[in-house]
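Take a look at the structure below.
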Amino acid sequence: MKTIGLISANYTSTEFGELLDNRSLASLPYGGRYRLIDFALSNMSNSGITTVGIIAPYNSGSLVDHVGIGSPWSLGRKSGGLFIMPGSAYGLQSVGSRFLLRDIIKCRKFFERDDADYVIMTNSTDVWNIDFRPLISQHEKSQSPITMVYKKVPKGEDYQGFFLDLDEEGKVRNINIEGYAWSDYFADCFIVDREYMIDFMSWYETLEYMDMLQIIRDNMDTMDIDSYEFKGYLGKIKNPVDFIKVNQDMTDYDIRNEVFCNDERPIYTKAQDEAPVFHYKDADVRNSVISAGCRIEGRVENSIIFRSVNIGKDAVVKNSVIMMHAEIGDGAVLNNVITDKYVTITDGVKIYGTKDAPVVLGKDKKI
Amino acid sequence: MKKKQCIAMLLAGGQGSRLGKLTTNIAKPAVSFGGKYRIIDFGLSNCLSSGIDTVGILVQYKPLILNRYVGTGESWDMAVQDGGVHILPPYAGETGGEWYEGTADAIYHNIDFIDMYEPENVLILSGDHIYKMDYNLMLTEHIDKNADLTVSVIEVPWDEASRFGIMSTDDEGRIVKFSEKPKKPDSNLASMGIYIFKWKVLRKALLDDHEDAKSSHDFGKDVIPKMLADKKKLFVYRFNGYWRDVGTVKSYYDSQMDLMDDMEHINVFTKDQKVYSNSNFYPPQFIGPKANISDSLICNGCTVYGTVTHSILGSGAVVGDGTVIEDSIVLPNATIGRNCKIKNAIINEGVVTEDNAEIGEADGDVIVFGRAKLSI
């Protein structure tokens, strides 16, 4: 059965300060060489989906620059391929809501022109590696027009969003906004019959200012919705604290193997062709992720270093995320710091954030 | 089709048998180099930075990995409408098929291909040299001098000159004598195996050479000496940068160490004349909590738990806990177990070593370990 994909990227967060001044949440750099939307695009591509739409945010510059015509995800195609569709710009971007009906209605043609049976709709900002094919085959067997993907909230995690009440057969009976450990958290991803989705848009057109999930919740008694459990890693980034933590998750052996070193389903991104990393004689790198093009003379611990970063002699970088093209001077010290692109830290400067309040340095800053 | 000022023909068909186990199942130009590159990247990237967008790649020996690696040429910005890369293997005609019998013979069999582009000049390249060069500078000299053939040369130490094809020139740079590996060289200008021919002249020379029963159909041995004898206008172009023919295991090892130790020579970090490659789906490298890396080049996709000193780790290589690697090159996707000792060795692509393995000797020659298990 043919399935197409729609990635919702017209939402943002106010928690990131300067990091989202000039870019969308979907194009936030992550993990040394990725942007958050790479996960949604790679999951589509690795599941054999060759027609993918993106609902773009108003500040789509960095997103469009990154995804281009979709070649890294094999979406630069003649049949199908990548469709970038502007989201609605009334309130600029929604905060929290992933599936604003107004945005989806603006893509009506995307649904109408294709002859696919199903559409997978997903968020653009979670770090995960999911194979959609088992979801598609489960949905195929189900009588329900919608199957929602959920994950049991791991103990100690504080997920925000929608939680599902499931009955014994796995049907969704209710949608809540309160969750607790082991709740069934809606992973901002579902599969829907394409024709049902077109009908849905007509039925609820007057509620276009609402999120599709709210509409479903309010009309639960008329809905037949199935569920599908995702058991893998789900990295959710709500704020700079999560940002450092979910980046550091890349140093976890199991997560690295599941999400990033998965031979069957690699995470693709725009290639930049940087040279290998040079570790100088006195370099001391521990438990860290380093991207191509870096030259490292100093110490790096529990940190994520993006492309083409130079770290000087006796410099110390700990518990930090350093985005591309940073220059960290000799003897500089950074702990719990996030630096955006092209940041320069001059020799000897010391910057300390804390675990709960990391320091964020915006693009091109020189300190 | 648009006419081209100059197209390139890249010779990539030789076996490179002196590289031993490195080329048992892979053509020499596709052998890994400098961690994330393959040897052919240098020639193709030079073409890109010189504005040459049409390249014929002549393949013959075990070309499957090479063909796949080159693909559409997109990695070198050569997926263009009027030109691009073309893989050119030997093919059959009305009277059967023939293998390429020599460098000149390979080009002879593709005369029709070159004619399609009606180029003024044809640049002949080897797929197994490590260097960065702007072919435009050479082409400009070639055109200014109205040369029939321009041979790129590099000064070599006098005591090594007898290992090369040596060009003797007059004051204008016109070639007066060409001697292949002369016992007593009277010049130290060595041919780099890079030629720009006027296509009309080369076309005729190839047709003549094909008719010559005594010819071995080689540019250096047959075609160029014949052109010299025929009083054609042959000039040298002096190249001053870093250039290595990685024909032997030792030169292959040494030039990779050069790339790491002395980035002035061939700077892969620089933004101008960048070296491009097709190997980009690896995550960034992960360096473990007890790892110890110094003086080394490490690629994307590597996972390092052990100690790595003065070595190169290729894309996707894994180094286990307690392992010590010194003065070695680990080719892409090799997995080195725990508590291994590796010294002065080249670990072949995709090879998996057992725990506690000891490979290479402190004072011995560099060895190549294992048979490549390839995937791209």
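Side notes on the structure shown:
- Subset of the range B:183-209 (residues that are in a helix (DSSP H, G or I) and either modelled with pLDDT under 95 or aliphatic (A, V, I, L, M) (or both)): B:V201, B:L202, B:A205, B:L206, B:L207
- Here the condition is being in contact with a helix residue (DSSP H, G or I) (Cβ under 9 Å, 6 or more places away or on another chain), modelled with pLDDT of 95 or more and among the charged types (D, E, K, R); of B:D355, B:D321, B:D327, B:D272, it holds for B:D327 alone.
- Checked against (1) under 30 Å from A:S142 (Cα atoms); (2) within 14 Å of chain B (Cβ to nearest Cβ), A:G68 meets all criteria but (1).
- Given (1) assigned to a loop (DSSP other than H, G, I, E, B); (2) β-branched (V, I, T); (3) touching an Asp or Glu at 6+ places or on another chain (Cβ under 6 Å), index of the condition A:T354 fails: (3)
- Restricting attention to the range A:27-82, the residues that are of a type in the set (F, W, Y) and surrounded by fewer than 21 Cβ atoms within 10 Å (Cβ to Cβ) total 1.
- Of residues in the range B:279-322 being aromatic (F, W, Y) and either within 7 Å of chain A (Cβ to nearest Cβ) or closer than 16 Å to B:S32 by Cα (or both), the one surrounded by the fewest Cβ atoms within 10 Å (Cβ to Cβ): B:F281
- Taken over the range A:237-260, the residue count meeting the criterion of being within 19 Å of B:P289 (Cα to Cα) and within 12 Å of chain B (Cβ to nearest Cβ) is 11.
- Tallying residues that are surrounded by 13 or more Cβ atoms within 10 Å (Cβ to Cβ) and among the polar types (S, T, N, Q) within the range A:157-183 yields 2.
- The listed residues are A:L361, A:L334, and the only one of them that is more than 14 Å from chain B (Cβ to nearest Cβ), of a type outside the set (K, R) and either within 20 Å of the chain's Cα centre (by Cα) or under 27 Å from B:K290 (Cβ atoms) (or both) turns out to be A:L334.
- Pairs meeting the criteria (first residue in the range B:121-143 and in contact (Cβ under 8 Å) with a residue 40 or more places away in the chain, second residue among the acidic types (D, E), beta carbons under 7 Å, at least 6 apart or on different chains) are B:D128/B:D245; B:H129/B:D245.
- Among the residues of the range A:289-298, the ones that are of a type in the set (A, V, I, L, M, F, W, C) and either more than 8 Å from every other protein chain (Cβ to nearest Cβ) or part of a loop (DSSP other than H, G, I, E, B) (or both) come to 3 in all.
- Selection count where residues are under 19 Å from B:R238 (Cα atoms) and in contact with a helix residue (DSSP H, G or I) (Cβ under 7 Å, 6 or more places away or on another chain), scope the range B:192-218: 2
- Within the range A:307-329, the set of residues being hydroxyl-bearing (S, T, Y) and either assigned to a strand (DSSP E or B) or in contact (Cβ under 8 Å) with a residue 40 or more places away in the chain (or both) comprises A:S320 only.
- Selection count where residues are facing chain B (nearest Cβ under 7 Å), in contact with a strand residue (DSSP E or B) (Cβ under 9 Å, 6 or more places away or on another chain) and either part of a loop (DSSP other than H, G, I, E, B) or of a type in the set (A, V, I, L, M) (or both), scope the range A:269-281: 5
- Among the conditions (1) more than 10 Å from chain A (Cβ to nearest Cβ); (2) assigned to a strand (DSSP E or B), B:S251 misses just one, which is (2).
Per-residue answers, yes or no, for (1) out of contact with any Pro (no Cβ under 7 Å at 6 or more places or on another chain); (2) among the aromatic types (F, W, Y); (3) exposed (fewer than 15 other Cβ atoms within 10 Å of the Cβ); (4) modelled with pLDDT of 95 or more:
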site: B:K2; (1), (2), (3), (4): yes, no, yes, no
site: B:P63; (1), (2), (3), (4): no, no, no, no
site: B:L88; (1), (2), (3), (4): yes, no, no, yes
site: B:E98; (1), (2), (3), (4): no, no, yes, no
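- Residues that are more than 14 Å from every other protein chain (Cβ to nearest Cβ), within 13 Å of the chain's Cα centre (by Cα), assigned to a helix (DSSP H, G or I) and not small (G, A, S), drawn from the range A:17-43: A:L25, A:I37, A:N43
- Taking residues in the range A:216-235 that are of a type in the set (D, E, K, R), and partners anywhere that are assigned to a loop (DSSP other than H, G, I, E, B) and loosely packed, with under 13 Cβ neighbours inside 10 Å, the pairs with Cβ atoms closer than 8 Å and at least 6 places apart or on different chains are A:D224/A:Q143.
- Positions within the range A:299-320 being within 12 Å of chain B (Cβ to nearest Cβ) and either on the phi > 0 side of the Ramachandran plot or touching a strand residue (DSSP E or B) at 6+ places or on another chain (Cβ under 7 Å) (or both), in sequence order: A:R299, A:V300, A:E301, A:N302, A:S303, A:I304, A:I305, A:F306, A:S308, A:V309, A:N310
- With respect to (1) among the aliphatic types (A, V, I, L, M); (2) within 14 Å of another protein chain (Cβ to nearest Cβ); (3) more than 15 Å from the chain's Cα centre (by Cα); (4) surrounded by 18 or more Cβ atoms within 10 Å (Cβ to Cβ), the lone exception for B:M263 is condition (4).
The values are calculated or read from the model by the stated rules, or taken from the named source; none is laboratory data. This is a predicted model, so every value here is computed, not measured. Methodologically, a virtual Cβ is constructed for each residue, glycine included, from the backbone with ideal geometry; neighbour enumeration extends over all protein chains shown.
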